[in-house]
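First the structure, in the form of structure tokens, and then the observations on it.
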Amino acid sequence: MKIGIAGGIGSGKSHVCKRLNARGIEVYDCDSAAKRLIRTSPDILERLTALIGTDTYQPDGQLNKAAVAKFLLASETNAKAVDDIVHPAVFRDFEESGMEWMESAIMYESGIYRLVDKVIAVTAPEETRIARVMQRDGISREKVLEWMGRQLPQEETRRRADYEIVNDGTTDIDEQLNHILRQCNRLF
């Protein structure tokens, strides 16, 4: 059975995945894979440069995050054009990885949910999410809200998912995981 871990920025997906990793469950990280593929795939490099411009990559081959972010945030059309290049590559990479678990902040928006049998939504109160991202990334509240606004609302992710893990800092993550893993084992 393939299982996806979904949740918006700051929900704590990575924390849940670390708890799974501690149990010996390896989780494919779609965000890390996208970053790796953007750096290493000649096809993606060529297509992104053609789309965004010659300043897409720095002279040392690293992605020019400022230029890409500016392009992405300029319009929905721009964001979709980048997604149409990167998402299919991540989908293929996950399928080729042989892994059964994946983590994605944009599980439903990207369509990668179609590659899994069950989805677990990781949720947290909005203010908790904002504070986590501001601290982690050193960015303003406004920038966090801007990124959150580009993702599916948490309530919609929760509604569409098969299971939920509440990551509010007080609810026991391991207890919730135990319950979900027992349910998944009964299904297959």
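So here's what we get for this one:
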item: Only one of Ser14, Ser32 that is polar (S, T, N, Q) and either surrounded by 15 or more Cβ atoms within 10 Å (Cβ to Cβ) or part of a loop (DSSP other than H, G, I, E, B) (or both); result: Ser14
item: Test set (1) touching a residue at least 12 places away in the same chain (Cβ under 8 Å); (2) outside any loop (DSSP other than H, G, I, E, B); (3) over 24 Å from Glu164 (Cα atoms) - Lys80 fails condition number; result: (1)
item: Of residues in region 91-145 being closer than 13 Å to Ala33 by Cβ, among the charged types (D, E, K, R) and free of Cβ contacts under 8 Å to residues at least 60 places away in the same chain, the one surrounded by the fewest Cβ atoms within 10 Å (Cβ to Cβ); result: Glu96
item: In region 69-90, the residues that are within 15 Å of Arg36 (Cβ to Cβ) and among the aliphatic types (A, V, I, L, M); result: Ile85, Val86, Ala89, Val90
item: Of residues in region 146-188 being over 13 Å from Ala121 (Cβ atoms) and among the hydrophobic types (A, V, I, L, M, F, W, C), the one most open to solvent (accessible area, probe 1.4 Å); result: Phe188
item: Test result for Ile165, outside any helix (DSSP H, G or I) and closer than 16 Å to Val119 by Cα; result: yes
item: Test: residue in region 96-103 that is touching a Gly at 6+ places or on another chain (Cβ under 6 Å) and part of a helix (DSSP H, G or I); result: no
item: Residue ID - nearest to Glu103 (Cα to Cα), chosen from residues in region 43-66 that are in contact (Cβ under 8 Å) with a residue 12 or more places away in the chain, under 21 Å from the mean Cα position of the chain (by Cα) and in a helix (DSSP H, G or I); result: Ile44
item: Residue within region 53-60 that is out of contact with any His (no Cβ under 7 Å at 6 or more places or on another chain), over 19 Å from Pro42 (Cβ atoms) and surrounded by 12 or more Cβ atoms within 10 Å (Cβ to Cβ) present; result: no
item: Test for Ile38: is it crowded, with 18+ Cβ neighbours inside 10 Å, in contact (Cβ under 8 Å) with a residue 12 or more places away in the chain, in a helix (DSSP H, G or I) and touching a Lys or Arg at 6+ places or on another chain (Cβ under 9 Å); result: no
item: Filter result for the condition that a residue is under 19 Å from Arg136 (Cβ atoms), in a strand (DSSP E or B), among the β-branched types (Val, Ile, Thr) and touching a residue at least 12 places away in the same chain (Cβ under 8 Å), over Ile5, Ile9; result: Ile5
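The values are calculated or read from the model by the stated rules, or taken from the named source; none is laboratory data. Computed from a predicted model, the values in this text were never measured in an experiment. A quick note on method: Cβ atoms are made from the backbone with ideal geometry, for glycine too, and the neighbour counts reach across all protein chains shown. The area values use the complete protein model at the heavy-atom level, side chains included, leaving out ligands, DNA and RNA. Shrake-Rupley method; radii C 1.70, N 1.55, O 1.52, S 1.80 Å.
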